[in-house]
Each structure stands twice: as structure tokens, then as C-alpha cells.
Amino acid sequence: MINLQQDPEGFIRMKRHFPGSTVISITFNDGSSEEFSGERLNAIYDEALAVYRAENHLDAKGFSRAPKKTVQPTNKIEYVAVHPGMAE
């Protein structure tokens, strides 16, 4: 059995999935506790991860598909050298 404590903001620390057959006991801020199966807690984790990725415009693997921003543009120029006589 794994024992977890809810923090003051209402979260538990879960950086990865737990084994599906494990029993996890969570003690809440109000003093009550509840037991979760590993499968149920993993489903809650996956749902929260999907919401986070959707809100931050990430794909299903967590990568941003937006174009890379650079200080200097890489595919265009801003200055062109000119000299007299080029108009003819």
C-alpha cells in the first residue's frame, strides 16, 4: 500500500503511473482518507495530463508543434546592399 498526503492547494505528487494492482491511500486536507486502485489513479493522472496538454497547445506526446522563435529570422533578410545604376 502506498500512502499519499494531499498538499494545501489540493494536489498529490504523482510524476508517473503506479502499478495497476497497487492500493493507494490518500489522506485529504480535511483529515479523511480514501483508497484508490492504481488503475483508477492512473486514469485520473492521464485525464489531467490530457487537459494540461490541450490548454498549452501541445500534441499527444507533449511536444509543441509551433514554429521555433529565433532572435534573428532564419528564412528572410532585412537589409539589401544597393548601389547607383541598379535601377537601369
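General remarks:
- Label-to-label distance, residue 43 versus residue 9, with points set 7 angstrom from Cα along the beta-carbon direction: 2.7 nm.
- Phi-derived couplings, Karplus 6.51 cos²θ - 1.76 cosθ + 1.60 at θ = phi - 60°, listed residue by residue for the range 50-65: 5, 5, 4, 5, 5, 5, 9, 6, 9, 7, 5, 8, x, 9, 7, 9 Hz, with x used for Gly and Pro.
- The HN-Hα couplings worked out from phi for the range 31-41 by the Karplus form 6.51 cos²θ - 1.76 cosθ + 1.60 (θ = phi - 60°) are x, 6, 9, 8, 9, 10, 7, x, 4, 5, 5 Hz, whole numbers, x standing for Gly and Pro.
- Amide H contacts of residue 25 (H built 1.01 Å from N, in plane; Pro and chain starts excluded): 2, 3, 4, 36 sit under 5 Å, all sequence-distant by 5 or more or on other chains.
- Computed from label points 7 Å out along Cα-Cβ, the spacing between residue 61 and residue 28 is 3.9 nm.
- Panel values: the range 6-65, Kirkwood radius from alpha carbon pairs, Stokes-Einstein at 37 °C and 0.692 mPa s, translational diffusion coefficient 253 µm²/s.
- Other residues within the sphere of radius under 13 Å centred on the Cβ of residue 22, judged by their own Cβ, net out at 0 (K and R +1, D and E -1).
None of the figures in this text is laboratory data; all of them are computed from the coordinates on show. As the structure is a prediction and not an experimental result, all values here were calculated from the model. All Cβ positions, glycine included, derive from the backbone under ideal geometry; neighbour counts span all protein chains shown.
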